[in-house]
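Right, one structure below, let's go through it.
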Amino acid sequence: MRTRPSAVPRGYSFYHKLFFLYLLNLCDWLCTEVLLRSGRFFEANPLMQPVVQQLIPALLLKGVLPLFLSLACALVFRLSGLRETRFGNFLLNIGIFVYSLVNLRHILNFLLLFSSV
């Protein structure tokens, strides 16, 4: 039995990618907090240095605001009835790729931290 080409799933949906991007953002924030508390690492982003020193601004900027933006994007996408575009998927893939590299860097920093103990 043959299936129509349009019925075949083509990878992850817009919503899955948006959720994964938010999840990578949370992992970045939590790993950054742990590494900063070790005393051996510092925040590389000069704009975020004053923010990560306080819990409430960090929670708002790294947790609540991205969640709100992700939900707003999903809602607008849903209500607009638009189909997924190559450009939108490209932007999400770039964001996922960059956050994956940042989290990979965190993993390497954890290896450095635990190998020097």
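For the reader, a short list of remarks on this structure follows.
- Here the condition is being in contact (Cβ under 8 Å) with a residue 12 or more places away in the chain and part of a helix (DSSP H, G or I); of Leu36, Leu79, Leu75, it holds for Leu36 alone.
- Any chance Pro57 is in contact with a Pro (Cβ under 9 Å, 6 or more places away or on another chain), of a type outside the set (S, T, N, Q) and surrounded by 13 or more Cβ atoms within 10 Å (Cβ to Cβ): yes
- With respect to the conditions (1) within 15 Å of the chain's Cα centre (by Cα); (2) modelled with pLDDT under 90; (3) hydroxyl-bearing (Ser, Thr, Tyr), Ser70 lacks only one, and its number is (2).
- Cβ-Cβ contacts under 8 Å between residues 6 or more apart (or on different chains), taken from a first residue in region 5-21 that is in a helix (DSSP H, G or I) to a second residue that is among the hydroxyl-bearing types (Ser, Thr, Tyr) and modelled with pLDDT under 90, are listed as Phe20/Tyr12.
The values are calculated or read from the model by the stated rules, or taken from the named source; none is laboratory data. Since the structure is predicted, the reported quantities are computational estimates derived from the model, not experimental observations. As a convention, Cβ positions derive from the backbone with ideal geometry for all residues, glycine included, and neighbour counts pool all protein chains shown.
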